[in-house]
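Only the coordinates and a few stated rules stand behind these numbers; no lab work does. The structure displayed is predicted, hence computed values, not measured ones. Note that we place each Cβ from the backbone using ideal geometry, even for glycine, and neighbour counts take in every protein chain shown.
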Amino acid sequence: MDPSLAPVPEERDLNMEVAGELYDLAFVHPSPHGRYAYRRAARTIVGLEEPLEVFVRTLPPRALPAIGPASERVILEHLEQGRSPMVERAVERSGRLDALREARMLRTGFLSRAAVLSILRSSRPGMVARADLRGDLQMHTEWSDGRDSVAEMANAAMARGYGWIGVSDHSYGLPIAGGIDMDEASRQQQEIDRLARAWNGAFQVLKGIEANIPKQGGVDMTLDELARFESVLAAPHSKLRTAEDQTERMLATVRHPRVHVLAHPRGRMFSRRGVLADWDRVFAEAAAHDVVIELDGDPYRQDLDHGLARRALAAGCRFALDSDAHAGDQLMYAEFALAHARLAGIPPARVVNTWPAEEVRAWAARKASAG
């Protein structure tokens, strides 16, 4: 590999360390109220835009939202000692250390907002950067489980300097997320056509869908249905807490002729392991079938993380760095995906978000016709 494209060394993420201590307290606390309070405090620290050691130079931790006296004590102990004796005592009293170890394992590979911003500010010639991104392939609107309209999402994307987006509302296979049926999809596409006429080429919206991966792999929509979309994202939403190996399920998905993107491939979240698979095999097969691997930037997904993304890069994969936004103000979540991409050493040439809309459309059409 060109030395300029070598992975960025991962720096210490103090905010995530402190948030982890607060999540530990939430895990072992005996009352629902206490668990909720410590989780809120942890989320505040994860979302803080500057390192805690910088913040406390001018303000006490309790100046932050959701930080009470006990959470402040944890923060100050960790800043002074690199650990919190208060948390250690609470864990010991709870007798739940073994279960807590599993919960801690699930939190690995996540970045705080402060760490993300530090990574994006760092100079690394040859790696994908914020200025390279022209669009976002995964977002949800009021048609499924999003808050904003297609037009509002587009306006928010234009404000970020994008030239295109891919709208990817959930398919009918995921009713819990308001998945749209084919009639609703047709009406949404008519809305997109009306907007396209009004924009007259100044901004473009790809007609996408986030299809559900069933237990046997592939997607739970017919070929004829999938042919009505410009971009098809396949994502796991079931069997996300089992220790069962699901390599064959994921291989069947990336071999599907109409799948363009394997979205949030593990289906992991902050307290959920997600899909277990031989990911090196999956990535190699995805590269062979020209299926793009997504780095989902939702702060509580961060899926793939930089460790697995580095392996996908070695396998020859291309990537989508997406926000998975459910409102216009969440498009910035793509920055989490971008930070992981930079840690993994991914160059812009491997990222479809760096392409103009015409190139994305041409690639998607070629792949669909080849299938």
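What list of ³J(HN,Hα) couplings, whole Hz, do you get for the stretch 190-206 from phi and the Karplus terms 6.51, -1.76, 1.60, once you set θ to phi - 60° and write x for glycine and proline?
In residue order, the calculated couplings are 5, 4, 4, 4, 5, 5, 4, 5, 5, 7, 6, x, 6, 8, 10, 10, 7 Hz.
So what are the ³J(HN,Hα) numbers for the stretch 227-240, from phi and the Karplus equation (6.51, -1.76, 1.60; θ = phi - 60°), rounded to whole Hz, Gly and Pro as x?
5, 7, 10, 7, 9, 10, 9, 9, 9, x, 10, 9, 6, 9
For the chain, what is the calculated [θ] at 222 nm in deg cm²/dmol (nearest 500), taking -39500 (n - 2.57) for each run of four or more DSSP H residues and dividing by its residue count?
Values: 15 runs with 161 residues, N = 371.
For the chain, the value works out to -13000 deg cm²/dmol.
Hey, which lysines would be in cross-link range of K239, C-alpha to C-alpha under 25 Å, not counting anything within fewer than 8 residues on its own chain?
The qualifying lysines are K215.
If you line up the Cα atoms of the stretch 14-119 on their principal axes, what length do they span on each, largest first, in Å?
Rounded to whole Å, the extents work out to 37, 29, 25 Å.
How large is the dipole of the chain about the Cα centre if only Lys and Arg carry +1 and Asp and Glu carry -1, each at its Cβ, rounded to the nearest 20 debye?
On the way: 47 positive and 52 negative charges, 117 e Å.
I would put it at about 560 debye.
On a straight-distance basis, which lysines could pair with K367 in a cross-link, Cα separation under 16 angstrom, same-chain partners fewer than 8 positions away excluded?
K207
State the extension gain, in nm to one decimal, for the chain segment bounded by A288 and R40, taking 0.36 nm per residue of separation less the distance between their alpha-carbons.
Between A288 and R40, full extension yields 85.0 nm more.
How high is the FRET efficiency from E53 to S31, r the C-beta distance, R0 35 Å, rounded to 0.05?
Numbers: r = 31 Å, r/R0 = 0.88.
Here the calculated transfer efficiency is 0.70.
Efficiency by 1/(1 + (r/R0)^6): what FRET value for A202 and M332, r their Cβ-Cβ distance, R0 = 30 Å, to the nearest 0.05?
Taking R0 as 30 Å, the efficiency between A202 and M332 is 0.85.
May I ask you to compute the full-extension gain from A362 to Q216, defined as 0.36 nm times their residue separation minus their alpha-carbon distance, rounded to one decimal in nm?
Details: separation 146, 0.36 × 146 = 52.56 nm, distance 2.98 nm.
My answer for the length gained is 49.6 nm.
When the Cα centres of the stretch 263-285 and the stretch 298-316 are compared, how far apart do they sit, in Å?
When both Cα centres are located, 9 Å separates them.
Find the Cα radius of gyration of the chain, compare it with 2.2 N^0.38 Å by division, and give the number to two decimals.
Expressed relative to 2.2 N^0.38 Å, the Cα Rg reads 1.01.
Label-point separation (nm) for R273 and R147, each offset 7 Å from Cα along Cα-to-Cβ?
With each label point 7 Å from Cα toward Cβ, the separation is 3.4 nm.
Please list, ordered by chain and number, the residues whose modelled amide H lies under 5 Å from the amide H of D220; skip anything fewer than 5 residues away on the same chain.
It is N212, by chain and number.
Extending each Cα 7 Å along its Cβ direction at E248 and A370, get the distance between those two points in nm, one decimal.
2.7 nm
If the chain between E102 and R311 were fully stretched, how many nm would it gain, using 0.36 nm times the residue separation less the Cα-Cα distance?
72.9 nm
Residues with amide H under 5 Å of V167's amide H, sequence separation 5 or more or different chain, H placed in the peptide plane at 1.01 Å from N; which?
Amide H to amide H, under 5 Å and 5 or more residues apart or across chains, V167 pairs with L206, G208.
Mind ranking 178-190, 65-77 by how tightly packed they are, going by the mean number of other C-beta atoms within 10 angstrom, highest first?
65-77, 178-190
What distance in nm lies between label points placed 7 Å from Cα along the C-beta direction at S118 and I176?
3.6 nm
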